[in-house]
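Enquirer: Have a look at this one.
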Amino acid sequence: MSAPGILTDAYSLSFAAPIKDSCQSWALLSAEVEGGKIRVEMSRPLTNEDPSDRNFIDDAAWPLEPTKVIAAWGDTATMSYHGTSKRVQSTVRFFGAAAPVDPIASLNANVASSDYTSFLIKPSTSSNTGSSFAIPVQETTYMEFEFPVQGAMGASDDTVAVHMVAAEAVVTPGNEAYVHHFVLDGCSSADCSGTCNKLWAWAPGAPSYALPSTVGFKLMGSGFKCLKIQTHYDNAALKGSLTDDSGIRIYATKVGVALRSQDAGMVVFGDENVVDGLTLPSGKSSTEFQSGTCTSLFADSAVTVFNEGLHMHNKGQVMVATVERGGQVVRSSRVEYYDFDAAGVYTNPSVGAGYTLQKGDVYKVKCFFDTQQSGGVIFGLGSADEMCMSFVSYYPAQAGLTPGACSPQKSKADNAVTGAQFVGGTFASIASLSGFGRFFADQ
């Protein structure tokens, strides 16, 4: 809005001045300036055919987050860059109640009297460190902390299974800038050896993790006997004397309480293994990973996906995930303006109540990057490196779907014998783009 009474419908494809839309879908209902504040009321159809607009997604029910909104303002009659002090980002829940029932809040409120319990796993309670962690004076550090489930829960033995039903990140106050992400694994042996499977991935801006009411990750009994947190520390300023005790609060059914009806699983599509030698050129580029035939490892004919977390690093701009069945795209989802600082693991709202992934489906992940200011960026584990992954939670768990089965192998030589494929020429180069364009997913 350039002045009270004038509303312009515009869109943006980049960090540049918005472009006036040929189809003016927004209608101004009222506008006023009072006490140094601007108040605007406007409307637009929830859905329309304008390719420059995006339809509103029903965000009423958990686990969908409120819709993200951004705002900026200026003091001139013409539109210009607002600077860093005149902008804000927030969320608005456009559908249903302003605050739908948060299952984690409910668990916290009733954990003492309910069939659930909670326990916090963090460096000072880990079996391999037992104290807060001294963050090294280096840019990137990966540290793994191990927690035998029996001890973490205070159980008398580990023969009786429970279900993990939710998890939330607990970051040491003041350390928010240094905790880049968590990856939570479940391991088959009590000492965290043997096969380990991913259970959850968190990065700043990602919401807490609550499984559907009939689903849980099985711990103890025939399930995972040990939990492992991989923490990525980012100390770009090389600051010394930093200690951290950040961890994850786990919510689980109490020992002896009936388990939920479905065991959950997680699979990572994209570049889970981080292929060696993948370098991004200077400028705008894209790369794509496809799962190949890994879904043929399903014991069941289909699974239900209930959560999809899309992950890149700071050079990531756009991310698209598609499911193909018989050569036809049956589902497509995307994050159009990726911002690691706002949501390092973007929880895809289009998953809604869940979607079906069938045996034999091909899952493709395509990532778009902008390295105009920093050529030679590689795919890797470092904070300044890049990634392209989709963390997919589903049920029922498929025992034959081993870790890394749906991604190219780390060694380029091993990729000749895996079903997962990398798309974009050789492993040393990827597709360069002159720009992302209006319909970037078609490039």
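Enquirer: Which residue is surrounded by the fewest Cβ atoms within 10 Å (Cβ to Cβ), if the candidates are limited to region 346-355 and must be of a type outside the set (Val, Ile, Thr) and either closer than 19 Å to GLN317 by Cα or at pLDDT 75 or above (or both)?
Expert: First, the residues of region 346-355 that are of a type outside the set (Val, Ile, Thr): 346, 348-350, 352-355.
Still in the running and either closer than 19 Å to GLN317 by Cα or at pLDDT 75 or above (or both): 346, 348-350, 354-355.
On the way: TYR346: 26, ASN348: 19, PRO349: 18, SER350: 14, GLY354: 16, TYR355: 17.
Here the answer is SER350.
Enquirer: Is it the case that region 189-197 has a residue that's within 18 Å of SER118 (Cα to Cα) and either touching a residue at least 60 places away in the same chain (Cβ under 8 Å) or buried (at least 18 other Cβ atoms within 10 Å of the Cβ) (or both)? Walk me through it before giving the result.
Expert: Within region 189-197, the subset within 18 Å of SER118 (Cα to Cα) is none.
No, region 189-197 contains no residue that is within 18 Å of SER118 (Cα to Cα) and either touching a residue at least 60 places away in the same chain (Cβ under 8 Å) or buried (at least 18 other Cβ atoms within 10 Å of the Cβ) (or both).
Enquirer: Name every residue in region 388-397 that is among the aliphatic types (A, V, I, L, M) and open to solvent by 10 Å² or more (accessible area, probe 1.4 Å), in order of residue number. Explain how you work it out, then say what you get.
Expert: Kept after step one, since they are among the aliphatic types (A, V, I, L, M), are these residues of region 388-397: 389, 392, 397.
Selection gives MET389, ALA397.
Enquirer: Do we have any residue at all in region 123-137 that's within 29 Å of GLU308 (Cα to Cα), out of contact with any Phe, Trp or Tyr (no Cβ under 6 Å at 6 or more places or on another chain) and surrounded by 15 or more Cβ atoms within 10 Å (Cβ to Cβ)? Before you say what the answer is, go through the steps one by one.
Expert: So the first thing to find is which residues in region 123-137 are within 29 Å of GLU308 (Cα to Cα), and the list is 123, 126.
Filter once more, so that each one left must be out of contact with any Phe, Trp or Tyr (no Cβ under 6 Å at 6 or more places or on another chain): none.
No, there is no match, as no residue in region 123-137 is within 29 Å of GLU308 (Cα to Cα), out of contact with any Phe, Trp or Tyr (no Cβ under 6 Å at 6 or more places or on another chain) and surrounded by 15 or more Cβ atoms within 10 Å (Cβ to Cβ).
Enquirer: Tell me which of these ALA167 doesn't satisfy, since it passes every other one: (1) of a type in the set (Gly, Ala, Ser); (2) in contact with a His (Cβ under 9 Å, 6 or more places away or on another chain); (3) buried (at least 22 other Cβ atoms within 10 Å of the Cβ).
Expert: Status for ALA167: all satisfied but (2).
Enquirer: Within region 356-379, restricting attention to residues that are within 30 Å of THR293 (Cβ to Cβ) and surrounded by fewer than 17 Cβ atoms within 10 Å (Cβ to Cβ), which residue is modelled with the lowest pLDDT? Show your work before the answer.
Expert: Taking region 356-379 as the starting set, the residues that turn out to be within 30 Å of THR293 (Cβ to Cβ) are 356-369, 378-379.
When the remaining residues are screened for being surrounded by fewer than 17 Cβ atoms within 10 Å (Cβ to Cβ), the result is 356, 358-360, 378.
Numbers: THR356: 94, GLN358: 95, LYS359: 93, GLY360: 92, ILE378: 81.
So the residue we want is ILE378.
Enquirer: A further question follows. What tally of residues in region 112-142 results from selecting those that are under 12 Å from GLY247 (Cα atoms) and either in a helix (DSSP H, G or I) or among the hydrophobic types (A, V, I, L, M, F, W, C) (or both)?
Expert: The qualifying residues number 7.
Enquirer: Ok, one more. For the condition among the hydroxyl-bearing types (Ser, Thr, Tyr), modelled with pLDDT under 95, under 25 Å from the mean Cα position of the chain (by Cα) and closer than 21 Å to ASN314 by Cα, what is the one hit in THR195, THR140?
Expert: The unique qualifying residue is THR140.
Enquirer: Among the residues in region 371-391, are any in contact with a Lys or Arg (Cβ under 6 Å, 6 or more places away or on another chain) and of a type outside the set (Val, Ile, Thr)?
Expert: Looking through region 371-391, at least one residue is in contact with a Lys or Arg (Cβ under 6 Å, 6 or more places away or on another chain) and of a type outside the set (Val, Ile, Thr).
Enquirer: For region 1-18, name all the residues that are in a strand (DSSP E or B) and either farther than 24 Å from ASP370 by Cβ or modelled with pLDDT under 85 (or both). Let's see the steps before the verdict.
Expert: Pass one, region 1-18, residues in a strand (DSSP E or B): 3, 6, 10-11.
Within region 1-18, ALA3, ILE6, TYR11 qualify.
Enquirer: Would you point out which residue out of SER213, SER261, SER208, SER282 is under 22 Å from GLY400 (Cα atoms), touching a residue at least 24 places away in the same chain (Cβ under 8 Å), open to solvent by 40 Å² or more (accessible area, probe 1.4 Å) and out of contact with any Phe, Trp or Tyr (no Cβ under 7 Å at 6 or more places or on another chain)? Steps first, answer last, please.
Expert: Working: SER213 fails: under 22 Å from GLY400 (Cα atoms); SER208 fails: under 22 Å from GLY400 (Cα atoms); SER282 fails: under 22 Å from GLY400 (Cα atoms).
SER261 is the lone residue from the list that is under 22 Å from GLY400 (Cα atoms), touching a residue at least 24 places away in the same chain (Cβ under 8 Å), open to solvent by 40 Å² or more (accessible area, probe 1.4 Å) and out of contact with any Phe, Trp or Tyr (no Cβ under 7 Å at 6 or more places or on another chain).
Enquirer: Could you list all residues from region 159-178 that are farther than 11 Å from ILE248 by Cβ and touching a residue at least 24 places away in the same chain (Cβ under 8 Å)? Even if it seems obvious, please write down each step before you answer.
Expert: Step one: of region 159-178, the residues farther than 11 Å from ILE248 by Cβ are 159-163, 165, 172-178.
THR159, VAL160, ALA161, VAL162, HIS163, VAL165, THR172, ASN175, GLU176, ALA177, TYR178, listed by residue number.
Enquirer: Might you let me know whether region 233-250 holds any residue that is open to solvent by 10 Å² or more (accessible area, probe 1.4 Å), in contact (Cβ under 8 Å) with a residue 40 or more places away in the chain and at positive phi?
Expert: The first filter runs over region 233-250 and keeps only residues open to solvent by 10 Å² or more (accessible area, probe 1.4 Å), leaving 234, 236-243, 245, 249.
So of that shortlist, the ones also in contact (Cβ under 8 Å) with a residue 40 or more places away in the chain come out as 234, 236, 238-240, 242-243, 245, 249.
Right, trim to at positive phi and you get 238.
Checked against the condition, which is being open to solvent by 10 Å² or more (accessible area, probe 1.4 Å), in contact (Cβ under 8 Å) with a residue 40 or more places away in the chain and at positive phi, region 233-250 yields at least one hit.
Enquirer: So if I check each of ALA384, ALA405, which one is in contact with an Asp or Glu (Cβ under 8 Å, 6 or more places away or on another chain) and at pLDDT 50 or above? Lay out the reasoning, then the answer.
Expert: Details: ALA405 fails: in contact with an Asp or Glu (Cβ under 8 Å, 6 or more places away or on another chain).
Just a single option satisfies the conditions, and that option is ALA384.
Enquirer: Right, next: With the checklist (1) in contact with an Asp or Glu (Cβ under 9 Å, 6 or more places away or on another chain); (2) modelled with pLDDT under 85 in hand, flag the one item GLU324 doesn't pass.
Expert: Failed condition: (2).
Enquirer: For region 144-192, what are the residues that are part of a loop (DSSP other than H, G, I, E, B) and within 26 Å of the chain's Cα centre (by Cα)?
Expert: Here is the first cut: in region 144-192, the residues part of a loop (DSSP other than H, G, I, E, B) are 154-161, 171-178, 188-192.
If the condition is that a residue be part of a loop (DSSP other than H, G, I, E, B) and within 26 Å of the chain's Cα centre (by Cα), then VAL171, THR172, PRO173, GLY174, ASN175, GLU176, ALA177, TYR178, SER188, CYS192 are the ones that fit.
Enquirer: Among (1) in contact with a strand residue (DSSP E or B) (Cβ under 6 Å, 6 or more places away or on another chain); (2) assigned to a loop (DSSP other than H, G, I, E, B); (3) over 30 Å from GLY382 (Cβ atoms); (4) of a type in the set (A, V, I, L, M), which single condition is ALA206 missing?
Expert: (3)
Enquirer: May I ask you to say which residue of ASP341, ASP385 is open to solvent by 10 Å² or more (accessible area, probe 1.4 Å) and touching a Pro at 6+ places or on another chain (Cβ under 7 Å)? Let's see the steps before the verdict.
Expert: On the way: ASP385 fails: touching a Pro at 6+ places or on another chain (Cβ under 7 Å).
Only one candidate passes the filter, namely ASP341.
Enquirer: Would you tally the residues in region 39-72 being at pLDDT 80 or above, open to solvent by 80 Å² or more (accessible area, probe 1.4 Å) and closer than 20 Å to PRO207 by Cα?
Expert: 1
The values are calculated or read from the model by the stated rules, or taken from the named source; none is laboratory data. Everything numeric here is computed off the predicted structure, so don't read it as measured data. Cβ coordinates were reconstructed from backbone atoms using ideal geometry, including for glycine residues, and neighbour counts include every protein chain displayed. Calculation scope for accessible area: heavy atoms of the full protein, side chains included, ligands and nucleic acids excluded. Shrake-Rupley method; radii C 1.70, N 1.55, O 1.52, S 1.80 Å.
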